[in-house]
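Asker: Dumping the structure here so I can ask a few things about it.
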Amino acid sequence: MEDVSQRSNQDLKAVAKNAMAKAKVKSFKNISAQDAGYLKKELNTELMEIQQANEKSSNEEFEKSFAGL
């Protein structure tokens, strides 16, 4: 969750709340192994999406810098 928070510039609590909602996990209290797996999968998906967005942005900036050549 900290990685997602840092890479997306979002508050850690907001990241936790969003990931839990998407993974349909109601609480960290007494979380089951299955729910923890769902939460981990959701967070990994978010990290991949952030990485892809950053790569796309970097590629667009690179292309813009050479557009006039």
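Asker: Check the chain and count each lysine pair with an alpha-carbon distance under 20 angstrom, considering only pairs eight or more places apart or from different chains.
Answerer: For the chain, qualifying lysine pairs total 19.
Asker: For the chain, find the longest principal axis of its Cα atoms and tell me its angle to the long axis of helix 12-23, 0 to 90°, nearest 10.
Answerer: It is inclined by approximately 70 degrees.
Asker: On to the next question. Can you send over the carbon and sulfur percentage of the accessible area for the chain, probe radius 1.4 Å, protein chains only?
Answerer: Within the chain, the accessible surface is 50 percent carbon and sulfur.
Asker: Relative contact order for the chain: what percent, with Cα pairs under 8 Å and sequence separation of 6 or more?
Answerer: Rounded, it is 31 percent for the chain.
Asker: Between the DSSP loop rule and a limit of at most 14 other Cβ atoms within 10 Å, which chymotrypsin sites (Phe, Trp or Tyr not before Pro) in the chain are left?
Answerer: When the chymotrypsin sites (Phe, Trp or Tyr not before Pro) of the chain are filtered for loop state and at most 14 Cβ neighbours within 10 Å, 28, 66 remain.
Asker: How many Å² of accessible area per residue for the chain, probe 1.4 Å?
Answerer: Values: 5660 Å² over 69 residues.
Accessible area per residue, the chain: 82 Å².
Asker: Then there's this: If one takes the longest principal axis of the Cα atoms in the chain, at what angle in degrees, from 0 to 90 and to the nearest 10, does the Cα axis of helix 33-65 lie?
Answerer: Orientation of helix 33-65: about 10 degrees from the principal axis.
The values are calculated or read from the model by the stated rules, or taken from the named source; none is laboratory data. A quick note: this is a predicted structure, and the numbers were derived from the prediction, not measured. Methodologically, a virtual Cβ is constructed for each residue, glycine included, from the backbone with ideal geometry; neighbour enumeration extends over all protein chains shown. Surface areas here come from the heavy atoms of the whole protein model, side chains and all, with no ligands, DNA or RNA. Shrake-Rupley method; radii C 1.70, N 1.55, O 1.52, S 1.80 Å.
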